Amino acid sequence: MFERYAIFYTPTGPLAAFGAHWLGWDNGKGQAVPQPDFGQIDIGAVTQTPRKYGFHGTLKAPFHLAQDTGLTELQIAATAFAARQPAFAIGAVELRHDSGFVALRPANETPTLRDFAARIVKTFDPYRAPLTEVDIARRRTAHLSARQDQQMLDWGYPFIFDDFHFHLTVSGRLSADAAAQVIATLSRHLEPIVPNPFVVDAITLMGQDTTGMFHQIHRYALTG
């Protein structure tokens, strides 16, 4: 049994394999994997924060299940959502140092992607337990705007709807110089394996174990 659940986008193929090795955690297999040696970069330190999630893009942030709700109900909802939603392209993605960390981000944000993420937030919210006072206090350390604070209270997470920015995280917080080094190194490896256009073709139901690590429960292809 998992402690928390989430809806992520997880890639497949060479990109997923590289992301798992870079972060040191394969969330598909649910196991640690050796990280590469890229010389001057202390990959263990760079990836310490995002490692527990594995390579992913958040769509519905981690949450505890509501009372009288179980994993089965969550799986049924994910199956139904994926059956209604077609896959879609979001154009090119690129490595950028935004909000203090490095991630693969869309070169251009699209309304289709933002609407898709908003539907996921709303669809799966009935399965989410309310935030505790501790959760709320922790979130507020991020100096949220009034809108973000209200979104956190209403939906469990502040960075949704107009504040949502899709990204596949590859680092924790880095200085500009350290981020530039990471981007220069990763670009050489990612350029041949990142699809262009990048296609969002599935949602993945994730579970967080008692040690804090996230595992793929099931990846649901978008077939609508």
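What follows is calculated from the coordinates using simple rules that are stated; it is not laboratory data. Here the structure is a predicted model, which is why all the values come from computation and not from measurement. Virtual Cβ from ideal backbone geometry, glycine too; neighbours counted across all protein chains shown.
Find the relative contact order for the chain and round it to a whole percent, using C-alpha pairs within less than 8 Å whose residues are 6+ positions apart.
Normalised by residue count, the contact order of the chain is 35 percent.
At full extension, K122 and D177 could sit 16.0 nm farther apart than now, given 0.36 nm per residue minus the alpha carbon distance. Cβ-Cβ distance of T12 and D149, R₀ of 22 Å, FRET efficiency by 1/(1 + (r/R0)^6): the value works out to about 0.05. Between the beta carbons of A129 and D98, assuming R0 = 30 Å, the FRET efficiency works out to 0.50 to the nearest 0.05.
Only helices enter the 222 nm calculation for the chain: every DSSP H run of n ≥ 4 contributes -39,500 (n - 2.57), and dividing by all residues gives -10000 deg cm²/dmol, rounded to 500.
Shape class of the range 93-177 from the alpha-carbon gyration tensor: oblate, with a/c at 1.5 or above and b/c at least as large as a/b. In loop segments of the range 63-170 as defined by DSSP, the GluC sites (Glu not before Pro) with at most 14 further C-beta atoms inside 10 Å of their C-beta are E109.
Taken along the Cα-to-beta-carbon direction at a fixed 7 Å, the label points for K29 and Q48 span 2.5 nm. Would you please classify the overall shape of the range 83-224 from the alpha carbon gyration tensor, given that a ≥ b ≥ c denote the square roots of the eigenvalues, rounded means a/c under 1.5, and beyond that prolate means a/b larger than b/c while oblate covers the rest? Here the range 83-224 falls in the oblate category.
Each of the peptides 54-62, 165-173 was scored by the mean count of other Cβ atoms within 10 Å over its residues; in descending order, highest first, they stand as 54-62, 165-173.
What shape does the range 1-137 take by its C-alpha gyration tensor, where a ≥ b ≥ c are the square roots of the eigenvalues and a/c under 1.5 counts as rounded, a/b above b/c as prolate, and the rest as oblate? In terms of gyration-tensor shape, prolate. Considering only T132, T69, T112, the mean-square fluctuation computed in a Gaussian network model of the chain, springs between alpha carbons under 10 angstrom, is largest for T132.
Distance between the modelled labels on A142 and N108, one decimal in nanometres: 2.8 nm (7 Å Cα→Cβ projection).
Close amide H partners of F198, meaning residues 5 or more places away or on another chain with modelled amide H under 5 Å apart, are I90, G91, A92, V93.
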